[in-house]
1. Any chance you could count the Lys pairs in the chain whose alpha carbons are under 24 Å apart, treating pairs 8 or more apart or on different chains as valid?
2. Would you compute, for the Cα atoms of the stretch 74-114, the largest minus smallest coordinate along each principal axis and list the three values in descending order, in whole Å?
3. Running Debye on the stretch 220-262 with equal point scatterers at the Cα sites and no solvent, what base-10 log of I(q)/I(0) appears at q = 0.23 Å⁻¹?
4. If you split all Cα-Cα distances of the stretch 253-304 into 10 Å bins from zero, what percentages do you get per bin, shortest first?
5. In debye to the nearest 20, how big a dipole does the stretch 182-319 give about its Cα centre with +1 on each Lys and Arg Cβ and -1 on each Asp and Glu Cβ?
6. Is the stretch 96-250 best put as rounded, prolate or oblate by its Cα gyration tensor, with a ≥ b ≥ c the root eigenvalues, rounded for a/c under 1.5, and otherwise prolate when a/b is larger than b/c, oblate when not?
7. First measure r as the distance between the Cβ atoms of LYS241 and ASP296, then evaluate 1/(1 + (r/R0)^6) with R0 = 25 Å and state the FRET efficiency to the nearest 0.05.
8. Calculate one ³J(HN,Hα) per residue across the stretch 264-280 by plugging θ = phi - 60° into the Karplus curve 6.51 cos²θ - 1.76 cosθ + 1.60, and present them in order as whole Hz with x for glycine and proline.
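Please treat every number below as a calculation from the coordinates, not as lab data. Because the structure is predicted, anything quoted here is derived from the model rather than measured. Positions of Cβ are generated from backbone atoms using ideal geometry, with glycine treated the same way; all protein chains shown enter the neighbour counts.
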Amino acid sequence: MQEGSFRPPRPAERSASAGFAVNRLDRMSERRNDAAFIQELKQSGAARSLVLFGEIPVLKRGAEGYDALFTAAEAERLGEARETVFLGHDGESALFAILIDADAPEIAQERDDIALMDLRQIATQDLAPAGILGAFGQAKSLMHWHARHRFCSNCGAPSRAFSAGWRRACDACGAQHFPRTDPVVIMLVVNGEDCLLGRHAGSRRAGHPEGMYTCLAGFVESGETIEDAVRREVFEEAGIKAGRVDYLASQPWPFPASLMIGCIAQAPSRSLTIDAKELDDARWFSREEAGLMLADRHPAGLICPPKLAIANLLIAAWVAGETR
Ligand SMILES: [Zn+2]
C-alpha cells in the first residue's frame, strides 16, 4: 500500500450494488503528473494491465477460466500500445489500461490463449470479479475518449496524452482537454402503488429481449439540474408532469462513457401521452406485477432489465418499499 493513499470508506450504499460500480482502486490522482513515479509503478514486476483492442477487452484464456490481468511482457506480445493510462493502485499492484492498435479478428484467430470479449458479455457471464469489471468500465470509457480526441477540438492540431493518460494537451495552441463523462438521468416514475415502465424504441434492434420493460432515461442537457432533466424527459417521453424527484443511486455505465443517475419521480396523474419516437410502449405496473417481472415469474412473460443495469436496482428498491 502506498503511503498516504486514499482508501475510500465503503458504507452500505445502494450504488455499490450496481454493475461496474465496484472499483476499489486508489486513483492517486495527485501523483499523475509525476512521470518518474508513474514510470516506476509501470516497470515494477507487480504491475498489471487491462488490455483493449479498440472497444473490445482482451482476456487470457487458461485452464481455470479467464484472466484479465496482463503482465507488461504479455501485453507487449499483443501489439503496440497506442495509449497507456494509469487506472490506480489496489494496495498490492498498480493497474494500467492499454489500448492496442491491432487487427483484432486476426489476432483472435491466431492465438488460442486469448479471447476478445464484449464488456457486457464479461459482466453478464460473470467472467471477471466485480472490482475488475469496475476497472474495465473505467478503462473502456477513458480509451473511448482517447480514441476520439487525437486532434485538438480548439485548433485541429494533433494532441498528445499526458498526466498518466488523464489529460490531452495541444502543443500548437496550448489547450488542455479532459476525459468526458456524460450524465444520464434514469428514473422510475411512480404514482401511488403503481410504477411506469416502458419499452424503448429500437429495443429489438438493440438486442433487448422481447417483453422487457424498463425505466425511462435520457441525457442531462447543458444548464439543467438532475431534477429538471428527469421532469423534462418524463414529460417528453410519457406526457407526465412529474413533481418531486429523489435521487436514489448512480452507476458508471461504460457504453461509452456515461454516469447513470437513478431517481424516483412522483407522478401526480396517470394519463399518458407516449412519444412513439422514443417509446414503443409504456404503461403502469402494480408493485406486485413489477415484483413478478423482477423474479421472472410474470404470467405474460414480461421481464425487467438484469441486475447489471441500474434500472433493476431502482425497480427492486421501489418494489421492496425502500423509496420515499
Ligand atoms: Zn489546439
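1. Working: LYS42/LYS60; LYS42/LYS140; LYS60/LYS140; LYS140/LYS307; LYS241/LYS277.
Summing the qualifying lysine pairs gives 5.
2. The principal-axis extents, from largest down, are 36, 21, 13 Å.
3. -0.88
4. Going out from 0 Å in 10 Å bins, the stretch 253-304 shows 18, 32, 44, 6 percent.
5. Details: 13 positive and 19 negative charges, 49 e Å.
The dipole magnitude comes to about 240 debye.
6. Values: a/c = 2.50, a/b = 1.37, b/c = 1.82.
Taking the square roots of the gyration eigenvalues as a ≥ b ≥ c, the stretch 96-250 is oblate.
7. Working: r = 33 Å, r/R0 = 1.34.
That pair, LYS241 with ASP296, gives E of 0.15.
8. After applying 6.51 cos²θ - 1.76 cosθ + 1.60, I find 10, 10, 8, 9, x, 9, 10, 6, 10, 10, 7, 7, 5, 6, 9, 10, 6 Hz.
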